[in-house]
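Each remark here refers to the structure printed beneath this line.
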Amino acid sequence: MVTLNQLEVLVKVVEFKGFSGAAKSLFTSQPAVSNHIRNLENSFGVPLVHRTSQGARPTPAGEVVVEHAQRVFSILDDLERAVADFRGLGGGRLVLAGTTTLGTYLLPRLLSDFSARAPKVACQIRVGNEGAVESWLLRGEVALGLCAAIPRDEQLVAQGMFEESMVLVSEPNSPLIGTALTPADLEDQRFLMREPGSATRSLQESVLRSWDLSDAEQWEMWGPDTLKQAVCQGLGMAVVSEHVIRQETASGLLATLTVSPAPPSRTVSLVRRADRVLTPPEEAFVELVRTVGEWPL
């Protein structure tokens, strides 16, 4: 069986044109070098080295073996450098996941800061509902996930990072704007809800229950953008993250309503598999999120 040690010895014999020079460079004995070459020749079944009065020369077969051995060592060097990158931020890969709202509106902002600190780390964002994010984490397809609900699987651990405020929004010409509302004032309103499986949907249902409005008319809208457009078109009102509608409220496309009690805030958590050993890029991202403290502007 051919070994890397044997190939290294052959390359050194050819490089130094002799067994003595090869032995010195490898800090071994000349008989040990001869033994490696003999075993290598036995493995291939052909002579690899000419022993002449002018020193050792590769045979045609030996030249082929040396050429391939040098390729092997070059690949190993590349592998060493690539793996070494994972001990720092000089390379590597960072794969993150986020629930629909967090993955769409938060992760790109965080990655912008991260990329400025580690420009050689390749990044990827996956977006899905809570179930999808948990599944990716459990299968090891992503290292870290941003979620707004406590993970159901005990293999996953969550660390709260910061709070996200929720608001009630309507189209900008609603007669309810500027009024101090109570849940009773909203009994005849239609509420637009996110799709089942969404963390926002769970919070919306919880808010309506707390307002005793579970029986209010509800229409289902898949995805935050669809929901926002539906509210803009006057199809109903919705409880959403304040960050999802920041641009629309600033431009006058949507308006926030004042209702008491207000929708509760929710905790944004960084979720990972408990047994996952994080790479330096992953650890650096965790540290970045820790230092943020609040949703970045």
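Each Cα pair under 8 Å and six or more residues apart adds its sequence gap; the mean of these over the residue count of segment 205-297 is a relative contact order of 18 percent. Classified by the C-alpha gyration tensor, segment 155-211 has a prolate form. Its axis ratio a/c, with a ≥ b ≥ c, is 1.5 or above, and a/b is larger than b/c. Using helices alone, what [θ] at 222 nm do you get for the chain, with -39,500 (n - 2.57) per DSSP H run of 4 or more residues, divided over all residues and rounded to the nearest 500? About -13000 deg cm²/dmol. Computing FRET efficiency as 1/(1 + (r/R0)^6) for residue 20 and residue 262, where r is the C-beta to C-beta distance and R0 is 51 Å, gives about 0.05.
Charged neighbours of residue 16, selected by a Cβ distance under 13 Å, balance to +2 (K, R count +1; D, E count -1).
The apolar share of the surface of the chain, taken as the fraction of accessible area on carbon and sulfur atoms (1.4 Å probe, ligands and nucleic acids excluded), comes to 52 percent. Centre-to-centre separation between the Cα atoms of segment 130-175 and those of segment 194-217: 16 Å. The chymotrypsin sites (Phe, Trp or Tyr not before Pro) of segment 189-270 that meet both conditions, a loop assignment by DSSP and at most 15 other Cβ atoms within 10 Å of the site Cβ, are 222. Accessible surface computed residue by residue for the chain, with neighbouring protein chains in place and a 1.4 Å probe, gives 51 Å² per residue. Take every pair of alpha-carbon atoms less than 8 Å apart whose residues are at least six positions apart; their mean separation over the length of the chain yields a relative contact order of 21 percent. Can you work out the FRET efficiency for the pair residue 153 and residue 116, with r the C-beta to C-beta distance and R0 = 35 Å, to the nearest 0.05? After rounding to 0.05, the efficiency reads 0.55. Treating r as the C-beta distance of residue 229 and residue 67 and R0 as 45 Å, the FRET efficiency rounds to 0.10. Within a straight-line Cα-Cα reach of under 13 Å, residue 12 can be paired with the following aspartates and glutamates, leaving aside sequence neighbours fewer than 8 residues apart in one chain: 63, 67. A convex hull fitted to the Cα coordinates of segment 114-190 yields 207 cubic angstrom per residue. Backbone geometry of segment 240-253 corresponds, through the Karplus equation with coefficients 6.51, -1.76 and 1.60 at θ = phi - 60°, to 3J(HN,Hα) couplings of 9, 5, 4, 7, 5, 10, 4, 5, 5, 6, 5, 8, x, 7 Hz, x marking Gly and Pro. Among the chymotrypsin sites (Phe, Trp or Tyr not before Pro) in segment 1-65, those located in a DSSP loop and surrounded by at most 16 other Cβ atoms within 10 Å of their own Cβ are 27. Tell me whether segment 1-142 comes out rounded, prolate or oblate; compute the Cα gyration tensor, take square roots of the eigenvalues as a ≥ b ≥ c, and use a/c under 1.5 as the rounded threshold. Note, shape of segment 1-142 comes out prolate. Relative contact order for segment 182-247: 42 percent, from Cα pairs under 8 Å spaced at least 6 residues apart, divided by residue count.
Compute the Cα gyration tensor for segment 208-297, then decide on rounded, prolate or oblate, letting a ≥ b ≥ c be the square roots of its eigenvalues: rounded whenever a/c is under 1.5, prolate when a/b is larger than b/c in the other cases, and oblate in all that remain. Prolate, because a/c is 1.5 or more and a/b exceeds b/c. Label-to-label distance for residue 187 and residue 214 is 1.8 nm, based on points extended 7 Å past Cα in the beta-carbon direction. In whole angstrom, note down how far apart the Cα centers of segment 262-290 and segment 20-45 are. Cα centroid to Cα centroid, the span is 53 Å. Longest segment of the chain with no trypsin sites (Lys or Arg not before Pro) in a DSSP loop having at most 12 other Cβ atoms within 10 Å? It works out to 153-297. Taking every DSSP beta bridge that has both ends in the chain, the antiparallel portion is near 55%.
The values are calculated or read from the model by the stated rules, or taken from the named source; none is laboratory data. Just so it is clear, the model here is predicted, and its values are computed rather than measured. As a convention, Cβ positions derive from the backbone with ideal geometry for all residues, glycine included, and neighbour counts pool all protein chains shown. SASA here: full protein model, heavy atoms, side chains in, ligands and nucleic acids out. Shrake-Rupley method; radii C 1.70, N 1.55, O 1.52, S 1.80 Å.
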